[in-house]
Every structure is written in structure tokens, then in C-alpha cells.
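Chemist: Pasting a structure here, questions to come.
The values are calculated or read from the model by the stated rules, or taken from the named source; none is laboratory data. Note that the structure is a prediction, hence the values are computed from the model and not measured. Heads up, the Cβs are rebuilt from the backbone with ideal geometry, glycines too, and the neighbour counts pull from every protein chain shown.
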């Protein structure tokens, strides 16, 4: 899987904000895998954190579920975020800008089958800050893979959400207690 830059490269301040799956199929009521009101509620917070990251000179990475029409994941979940569809688009409130990176993914972790690790290391990123959906799926598995690669991981509690509140709370606890992520 190849990621793409939206515009020119820019140096990182050692930190990257990973905006995970803030996509129409997850955030819109008519989306194929709508994550519910909790997901929509984090949009203003995530937008603010993107602005703060850009202002601080941190790298902003949009991690985007992007499936093929026959993806095996559709044996578990309804078809969603199919490449080239409106459902695979980033929420309009969060459109990427020049200097941001877009990393398409086909599995839960932003690291699995992508060049995210290489892109972060090229910019000397040491810490990843996570926001997005779903806390107990893509956020959790991205946090786990980031820790396995020795990144410091911070999860912004007000910037993550799930369709399942119990699973959301479990994932936050798992990331903090087992993975050693800072959950703030």
C-alpha cells in the first residue's frame, strides 16, 4: 500500500498527529458503518487538534480505511470505505492541507501493510498522538503497533469514539495499562 503526500514535505517536530478513519462511512448517519453520535461529537475537538498540530509544526497524518470492492474484511463487516466512493472521503470538517500525509490502509492498524513507519522515521517522529474512530478497533490496533515499534503513544480521550461505549472504555484502559500509552 502506498501513502501519498498532499503537497510538499515538511519537517516534523518529533511528533505526529494520526487522524484515524475520520471518514464519511463512519461519521455520517447514512454511512455504511456509522459509529453513532459519539463519533460525530468528536469532530470539533479533532478539527481543533489538527489546527494545533499544524501550528506547532507537527506532522498531520490522515489514516484512511480504503478497501477494494472484494476485500475479505467484508466477510466480517458490511462493505465500507471502498476506494473512490464518497464513503471513503475524509469528513468535510477535516479536509487535509498541503504538507499533511494521507495513508490508505486496508486493515485495522495504520501500520499494517502501509509505509507509515517509514514516513514517520524519515521525519524523526518519536511520538504519535492518536484521534479518531473506532477506539476499540483501529485506534487500539494502531496504538499497539506503534508501541511495538517503540513510538511514544498519546491517545486524546476527547478525540476518540466508538459505537460501543463499553468497548471504548475497555480500549482506553488497555492502551493505558497494557500498552503504556498516555491517555489524556
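Chemist: Which of (1) closer than 22 Å to residue 83 by Cα; (2) modelled with pLDDT under 95; (3) part of a loop (DSSP other than H, G, I, E, B) does residue 5 not meet, given it meets every other one?
Modeler: (3)
Chemist: Tally time: how many residues in the range 69-107 are surrounded by 15 or more Cβ atoms within 10 Å (Cβ to Cβ) and either under 15 Å from the mean Cα position of the chain (by Cα) or within 22 Å of residue 59 (Cβ to Cβ) (or both)?
Modeler: Residues flagged as surrounded by 15 or more Cβ atoms within 10 Å (Cβ to Cβ) and either under 15 Å from the mean Cα position of the chain (by Cα) or within 22 Å of residue 59 (Cβ to Cβ) (or both) within the range 69-107 amount to 16.
Chemist: Which one is nearest to the chain's Cα centre (by Cα) among residues in the range 109-125 that are surrounded by fewer than 21 Cβ atoms within 10 Å (Cβ to Cβ) and more than 25 Å from residue 56 (Cβ to Cβ)?
Modeler: 112
Chemist: Could you please find all residues in the range 157-176 being outside any helix (DSSP H, G or I) and crowded, with 19+ Cβ neighbours inside 10 Å?
Modeler: Passing the criteria: 159, 160, 161, 162, 163.
Chemist: It is to be established whether one or more residues within the range 55-66 are in contact (Cβ under 8 Å) with a residue 12 or more places away in the chain, touching a strand residue (DSSP E or B) at 6+ places or on another chain (Cβ under 6 Å) and part of a helix (DSSP H, G or I).
Modeler: Taking every residue of the range 55-66 in turn, none turns out to be in contact (Cβ under 8 Å) with a residue 12 or more places away in the chain, touching a strand residue (DSSP E or B) at 6+ places or on another chain (Cβ under 6 Å) and part of a helix (DSSP H, G or I).
Chemist: Any chance you could count how many residues in the range 63-81 are touching a helix residue (DSSP H, G or I) at 6+ places or on another chain (Cβ under 6 Å) and at negative phi?
Modeler: The qualifying residues number 2.
Chemist: Something else now. Does the range 67-75 contain any residue that is assigned to a helix (DSSP H, G or I) and under 28 Å from residue 121 (Cβ atoms)?
Modeler: Yes, the range 67-75 has at least one match.
Chemist: Which ones in the range 111-151 are in contact with a strand residue (DSSP E or B) (Cβ under 8 Å, 6 or more places away or on another chain), outside any helix (DSSP H, G or I) and more than 22 Å from residue 47 (Cα to Cα)?
Modeler: Listed by number, the residues that qualify are 112, 113, 114, 115, 123, 126, 151.
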